[in-house]
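Colleague: First, the structure itself, so that you have it in front of you.
Values quoted throughout were computed directly from the atomic coordinates according to the rules given, and no laboratory measurement underlies them. As the structure is a prediction and not an experimental result, all values here were calculated from the model. When we count neighbours, we look across all protein chains shown, and the Cβ atoms used for this are built from the backbone with ideal geometry, even at glycine.
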Amino acid sequence: APDLRSVARIAAILRATTVMAPPMSAAIATEWINNGTAEALVTFVRTESRARQQIAAAALAGVNYAASPDGFHLWLPLPEGCSRVGFAANLRDSGVGVVTSDAFLVGGAPMEAVRICLGGTAGRTQIQHALELVAAALSQSPTLYSSVV
């Protein structure tokens, strides 16, 4: 750009004229929509997400959490006195990653909660094992996590 004032204008023009789906991807997507592959993939993903949510419901029986039956995530509010940072660190030490509520904060103070992903490349057995570790961590004293920073 000739100067700093022109950068934003030129960037906007480039986005408007060059950002598009790659033609090969568009052609493949069109073919999949027309031949039913896209619908079959959506059905497979929904079936898998429901199965993973059922695994979560069994592993976290009696635990207060929020999730969509078709979702690949669940939202886990932590018990009173439990630190989200300490809880996440403890699970990370066990090989389980969760995301603290801070990552989803748009304003105000973060709540003591974590988001757990049930998607990705992990298989159902791995997910069940990880959720059992989460349930075990929830059954421990919250003061155990409040001291971990």
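Colleague: In nm, what is the difference between 0.36 nm times the number of residues separating ALA122 and ALA38 and their Cα-Cα distance?
Modeller: So the chain would gain 28.0 nm between ALA122 and ALA38.
Colleague: Provide the FRET efficiency to the nearest 0.05 for the VAL45-ARG92 pair, computing r from the beta carbons and using R0 = 22 Å. If you can, show how the numbers build up before the last one.
Modeller: Values: r = 27 Å, r/R0 = 1.25.
The value I calculate is 0.20.
Colleague: Moving on to the next point. Report relative contact order for the chain in percent, whole number only (criteria: Cα-Cα under 8 Å, sequence separation at least 6).
Modeller: The normalised contact order for the chain reaches 24 percent.
Colleague: Would you kindly work out the equivalent ellipsoid of the stretch 1-119 from its C-alpha gyration tensor and give its semi-axes, the square roots of five times the eigenvalues, largest first in whole Å?
Modeller: 38, 28, 11
Colleague: Pick from ALA136, ALA29, ALA113: which residue has the top mean-square fluctuation in a GNM of the chain where Cα pairs under 10 Å get a spring?
Modeller: Residue with maximal mean-square fluctuation among ALA136, ALA29, ALA113: ALA29.
Colleague: Also, quick follow-up: Ranked highest first by average number of other Cβ atoms within 10 Å, how do 61-74, 15-28 line up?
Modeller: On the way: 61-74: 14.1, 15-28: 8.9.
Sorting 61-74, 15-28 by mean packing, highest first, produces 61-74, 15-28.
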